[in-house]
Structures are given as C-alpha cells and as structure tokens.
1. Identify the single condition in (1) touching a Ser or Thr at 6+ places or on another chain (Cβ under 6 Å); (2) under 14 Å from residue A:425 (Cβ atoms); (3) surrounded by fewer than 19 Cβ atoms within 10 Å (Cβ to Cβ); (4) at pLDDT 95 or above that residue A:395 does not satisfy, given that it satisfies every other one.
2. Residue under question is residue A:203, and the condition is that it be more than 24 Å from the chain's Cα centre (by Cα) and surrounded by fewer than 21 Cβ atoms within 10 Å (Cβ to Cβ); does it hold?
3. From A:176, A:162, which residue is within 14 Å of chain B (Cβ to nearest Cβ) and closer than 30 Å to residue A:406 by Cα?
4. Scan (1) in a helix (DSSP H, G or I); (2) facing chain A (nearest Cβ under 8 Å); (3) closer than 30 Å to residue A:165 by Cα for the single condition residue B:61 breaks and write down its number.
5. Quick one: which residue in B:128, B:149, B:154, B:140 is exposed (fewer than 14 other Cβ atoms within 10 Å of the Cβ), more than 9 Å from chain A (Cβ to nearest Cβ), more than 32 Å from the chain's Cα centre (by Cα) and modelled with pLDDT of 90 or more?
6. Could you go through the stretch A:411-424 and let me know if any residue there is closer than 18 Å to residue A:93 by Cβ, free of Cβ contacts under 8 Å to residues at least 60 places away in the same chain and assigned to a strand (DSSP E or B).
7. Looking only at the stretch A:229-283, count how many residues are over 23 Å from the mean Cα position of the chain (by Cα) and of a type in the set (A, V, I, L, M).
8. Name the strands (runs of 3 or more DSSP E) wholly inside the stretch A:48-146 in which the number of residues that are modelled with pLDDT of 95 or more and among the charged types (D, E, K, R) is 3 or more.
Amino acid sequence: MRRERSIQELYRDDPERADALAWGRRGALKGGALAAMGAALGAAIPFAGSMPRGLLPAALAQGGAQGPQYIELPGKARLILQGERPLNAETPETLLDDEVTPAEKMFVRNNGSVPDPVPEPRAWKIRIDGEVNAPLEITLGDLESRFEVVTRRLQMECGGNGRAFFVPQTRGNQWGNGAISCAEWTGVRLRDLLQAAGLKPGAKFTGHHGADRHLSGDGPAISRGMRIEKAMEEDTLVAFRMNGAPIPQIHGAPVRLIVPGWPGSLSQKWFTRLEVLDKPHTGRGMGGTSYRIPVVPIVPGSRNDGADFADMESMPVRSVLTNLAHGTRLPAGTRALDLRGHAWAGDKEISAVHVSVDYGATWQAMEVKAPANRHAWQRWTGRVSLPSDGYFEVWYRATDSDGRMQPHVAGNWNPQGYGANPVSRVAILVG
Amino acid sequence: MALPRLLIGLIVATVVVLGLHRAGVWGVRHPPEPYPPTPAALATARAAQEAAAREAAAREEAERLAAIAQRAETPEVLPPGHGREETFGYCTPCHSTAVIRRSRLSREQWDELMDWMSEKHGMNPLEGEMREVIVDYLAGAFPPAQPAGGRHGGNPFLTD
C-alpha cells in the first residue's frame, strides 16, 4: 500500500519528473529510464523487455494525480462520479461481476434533468406516429394486456463507453469500460407496436422522444433515431420492468426503449413517442459529430464538422475484468490468478477472450460461455500463471464473431470520442 | 282473559328486550361482522398501497437526486487564473463544473467547443473579448493531459 501511494505522490508532487520517468527523456522507455520507473513503482518489472515503447504503465496511466471520485446515489452502489449536473456515474469494472446487472450497479447517463415521477404509471401514454397507416396511442396499462410480454437479458451500453482511452483526450464523460450493463428487461417488442400501427412504404427511420428536459430548460434533453431495421428486430423492446421490478426513476420510469447493442442514447428513457420517418431523424444528438464516427479516418486532435461521418450503430467488441481490481496487491509467492469477467460485441457475439501478463508477448485463451440469449453479454473465465513476484499488468482482450479484436490502442479518433475499445490493462503488485 | 293477555304482553316484552340487546342498545356491544372482502377488493387495496409506497419512494429518490444536481458550487472549484470568475459565471447555468474540470483539451478544441455549445445546446454565442478571456482561461487551466507532442515531438500532420 505504501508503494502504491508513492506512485500517486510522485505524480502529485513532481508531475514533470513522473512524466519524464514514464515517457523517458527522449521518449522511449529503455534501460535506465525503465529502471527508474521500476524504482518509482517500488517493484521490479519482470517483463520490461516486452513492454511496448511509449505505452505508459497502467499504474501510472490510470488515476494520475488524483484517482477517480466516487458518488453514492440513493439506491445505488458506490459509482465513479462523472458529473452531478447532468448526473452521470460509471460502474467500476469490479462491480460488474453479476450475471444480471442489479439496478444499484447500473451506470447512470443523463443528458438533461431527471423528470419527476408520475403518480399513476399505468396511465402513462406513448404514441407511434409518422409514416404509419394508423397512429397508435396507448397507455402503459393497455400495452401490457394488448401485446405479448417478453423478458430478455440485454446489454445496454453508453455510446461513449471507453472514451477515456482516446489520445488526445476528447470532450464528454470520460468513461472507462464501465458504462455497460446487462439487466433483465421485460416489455413488449417495438415491432409489434409498429406492425399494429402499420408501416407505410416510406418507413425508413425512427425518431425517439422522452420526457427529460434540456439542461437549459429549453426543449427536450435528447432525441435520437435509427434505421427502421433495428426497430423491427426481435430484441428491441418497449420495456417497463427491469429485473422484475418497476424501472427506477433515474433509469427511465415508467417506460423506456431498450435498443440492445447500439449506443445507449437510442434507448430513450421516460419514453413518450416514436416517430416513423422517411429520412434520418434530426433531433438533438443527431448529425455533426454526435454519436457519429469517421468513415475515412481523420488526424487525431484535428477539427472536423462530422458531415462525412456515419452514425454509430452496433457497438464494438469490449471486455471487462470483474474479479481483480486495478492496483491490487497480492501476497508474495502468488503464482496463479483466477480471472473472470464479461465480454460483448454489439449485435455480434464473442468468439474468444485472451489474457496476457507479459505486455502482449504471449496470450492465453480464456473459456467463454454462450450468451443467455442474443444481445446478452458473455461470461469468460480462466487462469493465468505468473513467473515471479513483482509488478505485472493483466491485459485482457475479446474477439468478436467476425474475428475483430480489441486493438492495442484506441483508433479512429473523433472529436466527441466514440468507439474507443482498446485492450484493457490492470496493474497488480505481487509481494 | 287476563292470563293470555299477560302472556302475550310478556312475550312481546321479551322479544323487544332481546331485540334491543342484540341491536346493542344496552349490554355488551358486538360490532357487526364485516362482509368478507372479495379477492378483487383485496387486490385493489394492495395495489393502491403499493402504488402509494412506490410514489413516495420515487418522490424521495427524485428529491435526493435534485439535491445532488443542485449542489452549490463557487468559482473556487476552478483553478485560479485570469478569467476564472467570467468562466464560472458563463458556463454554469446549464451544468456543473464537473464537465469542464474533467476535460483536458487544446486551445483549439476549447475554442471549437464554444461553437458547439451555442449551435447544439443554446448557449448564448460567445464572441469578442469575453470569448478570448474564457478560452484562454480554459486552455491554461485544462490543457491536454499528455504532452501534445508525445515522444515524436508533435503530430506531423497537425500544422495549425
């Protein structure tokens, strides 16, 4: 613990020296500089030889001068605070160990202010209109009796998950990997509602509306939309229960959309209305650089209006390690680690998860379970061995069913920071 | 003839007395047995109770959330520097300083953000000297976390 603190202290007291140590005088971490870093970390770095040039050791890269700040909201676990107004909080990876994410461990993402709860949820009305034959207005009470009710485990992930990994930093909530959840959602299929209303030939896109107000008090907080194909998918739900209970207010009570595998902003909270459109929706949060990524990669840090970007759809492959916290100190002589976590890949599945404890020089395959249903995350487990005491980094990397792996570095930089899914790294100290 | 009348009188009197007693005019008062509630009535009462409890819990949650969102801040939460008060005043009507404090951007990125905030989020456009003061302050107080150049001495493609 004393040594762990000394890393933080070094950064706090003498950031220049810490950076010089981390990056080396002329950049590369070699020989003496690396030995100096070993000293700063208070431990030998057993795999110094294979540490990639220019990659900051995880112990220094995370936390920096001040570690994350935490917040305890009513009915919530201790989450990482992103901001109070709007209220945003991230789930630490080690709190994501449950198969089904309990309400208290679900990350919080708000674009505006949380609406007041309504006294009679069953009277809440939702509307389907636009390019349909017969606009549909229905109360939540009637929804349950008129349409088939289904329950599915579905991932819901913020479009900006992983943003903190971009270099240079982009604006917005600095999420690590913790803006992800896989709860059990109960509701009706959006497609059943759309079919009841009857889609016209021009029905190509959707526009979603909710009851939360913009921070300025003027207009809606956010209103996003997607291709109609996603709206017609089996797992796209109008949900009114989460883990068998009414949806908590902060997560969109009494009814919200769940659009699994695509940016969470499509899963409109406090859902009131869905417009069917013949062209892409133009609500707040559409167009420009919002929830959009470059088709032709741009120079990191450069200015761009996003006109040529494409809307982000299926989220990229990602994994979390849920039973070993960054900064854990293990007893001397520890030679094996039992690891586990989850992995997911938007609309796709996970084909493999690998772990390296030697900076990617060698990788060991973990065991990956099938998902509980489509769009649920997948459990991975496995064991790695350690050759000695000392400072190690556990690197973990998932591969999706198309063979795409989490890359070593966050790529396809964009001004608002979407799609960063690099290999994750956790620093541990043995002895 | 007196006996039958007396008998009838007695019977009537007994009936009246017993009747009044039963009705609870005197003696021990027994409340009438309530009708057994029907399952539907029970379910309705339960639902009403649950709804009230849910509403109370939700309202309490909403109040606590609002209290967090409205936590008062003062300019001192921002690092000292020329333009701190202006920045605090201009930038906190909509959101707390957390979104600002967690950002580490180049001067150009901060400048660009001012337009985004106006175009997308209805911020009063920031122009002229005030814009210079605020952007300079932000760029000085919240510069990029890593040295912009990294180990190659700057991105070769970033020329301006």
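1. That leaves (3) as the condition not met.
2. Working: more than 24 Å from the chain's Cα centre (by Cα): yes; surrounded by fewer than 21 Cβ atoms within 10 Å (Cβ to Cβ): yes.
Considered against the rule, which asks whether it is more than 24 Å from the chain's Cα centre (by Cα) and surrounded by fewer than 21 Cβ atoms within 10 Å (Cβ to Cβ), residue A:203 comes out as yes.
3. A:176
4. (3)
5. Being exposed (fewer than 14 other Cβ atoms within 10 Å of the Cβ), more than 9 Å from chain A (Cβ to nearest Cβ), more than 32 Å from the chain's Cα centre (by Cα) and modelled with pLDDT of 90 or more holds for just one of B:128, B:149, B:154, B:140, which is B:128.
6. no
7. Counting residues in the stretch A:229-283 that are over 23 Å from the mean Cα position of the chain (by Cα) and of a type in the set (A, V, I, L, M) gives 5.
8. Ranges flagged: A:125-130.
The values are calculated or read from the model by the stated rules, or taken from the named source; none is laboratory data. The structure presented is a predicted model; accordingly, all values stated were derived computationally and were not measured. Here Cβ is always computed from backbone atoms with ideal geometry, including for glycine, and neighbour counts include all displayed protein chains.
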